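Read through the structure below, which is laid out as structure tokens, and then see the notes.
Since every read-out is calculated from the coordinates, none of them should be taken as a lab result. Because the structure is predicted, anything quoted here is derived from the model rather than measured.
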Amino acid sequence: MSLAYDVSGLPRQQELSGKPVEIPLHGGIQCQVRSGGGRKGSAFRRPTRSDLEWIFTVQTERAVAKDNTFTLQNQIWQIDQTRWRHSLAGCTVSIHEHLDETISVRYEPHVVGRYHGTETHY
């Protein structure tokens, strides 16, 4: 459970001291709040995930037709043959629309296609 408290009513010297401040809550419960104590630096840290490119995409799923194609945005897109499978017909693929307008097609962990906005799809 996450609780947030408004410490704006505290005297400024208490707020900047970095010492814990007792705040009474509903039902007589006491809560300690500690401010940053005027420390310099950033509240942000470097991301530890390496897959942020895949997280910040618009994701949809499509079924692949018998001719190894799927439809997206009123267009027909064809998936090339892969080394590990002759055809993805009948499979469900994930379509990722990236921020740079690139379209990626994934089947399970494999990227089976990457298309740029100016390419012909079929």
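A few points about this structure:
- Length gained when the stretch GLN81-HIS116 is fully extended (0.36 nm per residue, less Cα-Cα span): 10.8 nm
- Base-10 log of normalised Debye intensity for the stretch 52-115 (one unit scatterer per alpha-carbon) at q = 0.23 Å⁻¹: -0.96
- Net length gained if the chain between ARG49 and ARG62 were fully extended (0.36 nm per residue, minus Cα distance): 2.0 nm
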